[in-house]
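Enquirer: Mind having a look at this structure? Questions to follow.
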Amino acid sequence: MADQARLGAKVRALRRQAQMKQKDLAERLGVSASYLNLIEHNRRPLSAELLIKITQLFDVDVNAFAHDEEDRLVSDVMEAFADPMFDREGLAAADVRDLTATHPALARGMVKLYAAYRNTKQHMEDRAGVAALRPEDVPQEAHLPTEEVSDMLQRHHNFFPVLEEAAERMWRDSALDRNDIYRGLVKYLESNLGVVVRVVELNAMQGAVRRYIPERRLLMLSETLAPRSRNFQLAHQIGLMSQSAALEQLLEDPELTSPESKRLGRVALGNYFAGAVLMPYEPFLEAAKAERYDIELLGHRFRAGFEQVCHRLTNLRRTGQEGVPFHFLRVDIAGNISKRFSASGMRFARFSGLCPRWNVFESFLTPHMVRRQVFEMPDGKKYFAISRAIPTSARRGFHSPVSVHAITIGCELRYARELVYADGIDLESQGTAVPVGVTCRLCERMDCEQRAVPPLRHPIDVNENVRGVSFYVSAPKLGRGGSGS
């Protein structure tokens, strides 16, 4: 019934957006106005036949009725209202879901407005030590390009058929050899694009690992790059040059609101093409299933790094040839998210910090070691994930700083047995799952020792005479025995 309720609200929202009366839509659908009214108010199911008619009538993709997008929007709106400034409003999750289902455009606008507020507030805080702001110091753009590009990738489900087809065509036309992919990519650049490739000493690169000079048709790669990283940079450059028209078309996205967003999006799509070249769709999917998604083994076979393989695993969404739907996250040791994507239904915080119970943070203690975790979200959904910390791939010598980030990739628990990493874990045991949340403000778990802030719908209960498991959670009252013994 909950799913049907959401579909009814979507029908009502589409009709209102088109400024169409209920009786007019009913007539075009071939049903009575009273029956349509029951559908819109969740008292009759929306049949497949009517669903198809509605998508054709309003010229929307059937994916517009998918629950995943709505759930993600609900999560974003709820996180925005978790800000302490809304504490007195008494907003409930049901209110947010109703708003999102009935007025999705308004909900998206609220998320953008809150993001602009947060970005501007952060900018001002960063400059709090300045006595007087100059006009040029005031932020002119409130949207973060990284957020806009992440949202663009999510809307496409991180799958771009035109780039997949181009990568497959390149393999056919150029007869690339997986065992000597570097030579094949260099030859393609020289023969098809007129670009000369040079591996250059560190000092000549002036801090870059890849540098292309258009007027000289020269591509320089740093000597510090590992062989797999050189291959990736070559394929990336080929994508930028050979797929320019396709990239421009994909970047004609109204949600990419600034030149910086479009440039960053172009880089992200170039990386996508590089991954598709180094790990061709069908051979990679076949190997992934045969080896039960063993990331290290796939990396050896396709000459790719751990993170590159994880990225590629999130792209396997071709209809009829899907892989396990994964979520992916990259964070630094301070908890800052630099990349995120979810095909598993997993929700990530957009504005707040991450839950410290995720094992992605424990992985910093054991670099190169894969850590496994079964966890349960507050809504009862269970997931299986692995995490690993990865040092910088391109060390520039003894005096260069070492930076480390951590990768986590996971799926719904029902897919876990398809992964080699689940071997030896009792997935069915209730005690196996670690209770985690999206972020403290939205998590209702009151028995968490690592709670950093009080939850949204629970007032702070502080008793100076009693210390609970967290500063924000009081201990239960003692029984009549007094001492509790």
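Coordinate-derived values only; no laboratory data. Not measured: the values here are computed from a predicted model. Neighbour counts are summed over all protein chains in view; Cβ atoms, including those assigned to glycine, are modelled from backbone coordinates with ideal geometry.
Enquirer: Could you give each residue of region 27-41 its phi-based ³J(HN,Hα) in whole Hz, using Karplus coefficients 6.51, -1.76, 1.60 with θ = phi - 60°, and x for Gly or Pro?
Expert: Running phi through 6.51 cos²θ - 1.76 cosθ + 1.60 with θ = phi - 60° gives 5, 6, 8, x, 10, 7, 4, 5, 5, 5, 4, 5, 4, 5, 9 Hz.
Enquirer: Cross-link candidates for residue 262: which lysines have Cα within less than 17 Å, leaving aside residues fewer than 8 places away along the same chain?
Expert: 339
Enquirer: In addition: Highest first, please rank the peptides 307-316, 213-222 by the mean number of other Cβ atoms sitting within 10 Å of their residues.
Expert: Packing order, densest peptide first, comes out as 307-316, 213-222.
Enquirer: A follow-up question, please. Could I have the simple spin-label model distance between residue 177 and residue 120, label points 7 Å from Cα toward Cβ, reported in nm to one decimal?
Expert: Here the modelled spin labels are 6.0 nm apart.
Enquirer: Counting only the backbone N, which residues of region 329-369 are under 17 Å from the spot 7 Å out from the Cα of residue 418 toward its beta-carbon?
Expert: Backbone N within reach: 342-346.
Enquirer: For region 324-441, what is the charge dipole size about the Cα centre, in debye to the nearest 20, if Lys and Arg each add +1 at the Cβ and Asp and Glu each add -1 at the Cβ? Kindly include the intermediate steps, with their values, before the conclusion.
Expert: Values: 16 positive and 9 negative charges, 102 e Å.
The dipole of region 324-441 has a size of about 500 debye.
Enquirer: Using θ = phi - 60° and the Karplus curve 6.51 cos²θ - 1.76 cosθ + 1.60, what whole-Hz ³J(HN,Hα) does each residue of region 374-387 get, with Gly and Pro shown as x?
Expert: So the Karplus estimates, Gly and Pro as x, are 9, 9, 10, 7, x, 7, x, 6, 10, 9, 10, 9, 10, 9 Hz.
Enquirer: Also: By how many nm would the segment from residue 20 to residue 362 lengthen if fully extended, with 0.36 nm per residue of separation less the alpha-carbon distance?
Expert: Full-extension gain reported as 117.7 nm.
Enquirer: Another one. Subtract the Cα-Cα distance of residue 27 and residue 53 from 0.36 nm times their separation in residues, and report this length gain in nm to one decimal. Show your work: numbers first, answer last.
Expert: Values: separation 26, 0.36 × 26 = 9.36 nm, distance 1.19 nm.
Result for the pair: 8.2 nm of gain on full extension.
Enquirer: Going Cα to Cα from residue 23, which lysines come in below 18 Å? Please leave out same-chain ones fewer than 8 positions away.
Expert: Leaving aside lysines fewer than 8 places away in the same chain, those within reach of residue 23 are 10, 53.
Enquirer: Between residue 35 and residue 430, what length in nm is gained on full extension when 0.36 nm per residue of separation is reduced by their alpha carbon distance? Intermediate values should be presented prior to the final figure.
Expert: Values: separation 395, 0.36 × 395 = 142.20 nm, distance 4.42 nm.
That works out to 137.8 nm of additional length.
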